1. So which residues in the range 128-176 are on the phi < 0 side of the Ramachandran plot and among the small types (Gly, Ala, Ser)?
2. What single numbered condition from (1) more than 30 Å from residue 159 (Cα to Cα); (2) at pLDDT 95 or above fails to hold for residue 111?
3. Only one of 76, 65 is touching an Asp or Glu at 6+ places or on another chain (Cβ under 9 Å), among the aliphatic types (A, V, I, L, M) and outside the structural domain of residue 124 (by TED's automatic domain parsing). Can you tell me which?
4. Anything in the range 64-86 that is among the hydroxyl-bearing types (Ser, Thr, Tyr), farther than 17 Å from residue 38 by Cβ and free of Cβ contacts under 8 Å to residues at least 60 places away in the same chain? List them, or say none.
5. Here are the criteria: (1) under 20 Å from residue 54 (Cβ atoms); (2) assigned by TED's automatic domain parsing to the domain that holds residue 177; (3) out of contact with any strand residue (DSSP E or B) (no Cβ under 6 Å at 6 or more places or on another chain). Tell me which single one residue 89 does not satisfy.
6. Take the range 44-64 and flag every residue that is more than 23 Å from residue 8 (Cα to Cα) and aliphatic (A, V, I, L, M).
7. For residue 43, all conditions in the list (1) of a type in the set (Val, Ile, Thr); (2) over 16 Å from the mean Cα position of the chain (by Cα); (3) not assigned by TED's automatic domain parsing to the domain that holds residue 163 hold save one; what is the number of the exception?
Amino acid sequence: MTVNPVLPDSEQPTEFRFTPEYEARARAIIAKYPPGREQSALIPVLDLAQRQHENWLPRVAMDYVADFLDVPRIRVYEVASFYTMFNLAPVGRHFVQVCTTTPCWLCGSDEVLRALKDKAGATVGHPSDDGAFSVVEVECLGACVNAPMVQINDDYYEDLDYDRMCALIDALKRGEKPPAGSVIGRHGSQAQKGPTTMLDQAPDWVRSGPPSGSSR
C-alpha cells in the first residue's frame, strides 16, 4: 500500500478557510454531536476541508480545522496522517486507488496498472504530467466479487481489464463521468452470466442478466 508523502514546508500554502458553503456543511455535521463533543466531528470536517482544497490537506487546512473544532493541532495531524483517505500532498483531479490485494491481483489488477501507465501516463507515486491522474495501490476495497476494481475519487469501477480501463481513462479525459459500478453492466455482484437462483422471484431486468458484451 502506498501513502502520499507530506508536502515540504517550503511548498505548503499559507492560507485556508472554509467557503460559506463548506462552513455551513461543517456546522451541520457538528450539530449532530452533543455539546462538548464537537471533536467527534473531526474526520468528516477534515474530509470537507480536503474536498474544498482539490482533494488534499495542506498543514494550514489542518490547523484551521483544529481551531474550528477547538482541538489540539497535534490531534488533527495524528488523524490526517493515520488514515489513508487523507492526502497530505497534491494529487491529480482523478485520484485512482487501485486494489492489488489477492482477489484483484489474481483477476488482473496488474493489467489495470499497465493501462494507467500506458493511457494516462501515471504510475504509483508518479502523477501524469498534466496533473490529471494520480495512482496509488491500496488494500482491499471490499468489491472482490467484481475484481479487479478501482476507486476514482468517490466512485467504484469494477470488472475491469486492460481495454476497459483504457476506455474509462479516455472518458475521463473527455470530461465525462462514467456511471459507477460494473463496467460490463452486471447488477450488483450477480454471476457474469446472469442470476442462477430464485429466478421466479426476480424482476424481468434481473432475470435477463447483463446484455452480452455490454459496457456502461
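1. Those that are on the phi < 0 side of the Ramachandran plot and among the small types (Gly, Ala, Ser): 128, 132, 134, 143, 147, 167, 171.
2. Failed condition: (1).
3. Only one candidate qualifies: 76.
4. 77, 83
5. All conditions are met except number (2).
6. 45
7. Against the list (1) of a type in the set (Val, Ile, Thr); (2) over 16 Å from the mean Cα position of the chain (by Cα); (3) not assigned by TED's automatic domain parsing to the domain that holds residue 163, residue 43 comes up short only on (2).
The values are calculated or read from the model by the stated rules, or taken from the named source; none is laboratory data. Keep in mind that what you see is a predicted model, and the values were worked out from it rather than measured. Ideal geometry is used to build each Cβ from the backbone, glycine not excepted, and the neighbour counts take in all protein chains shown.
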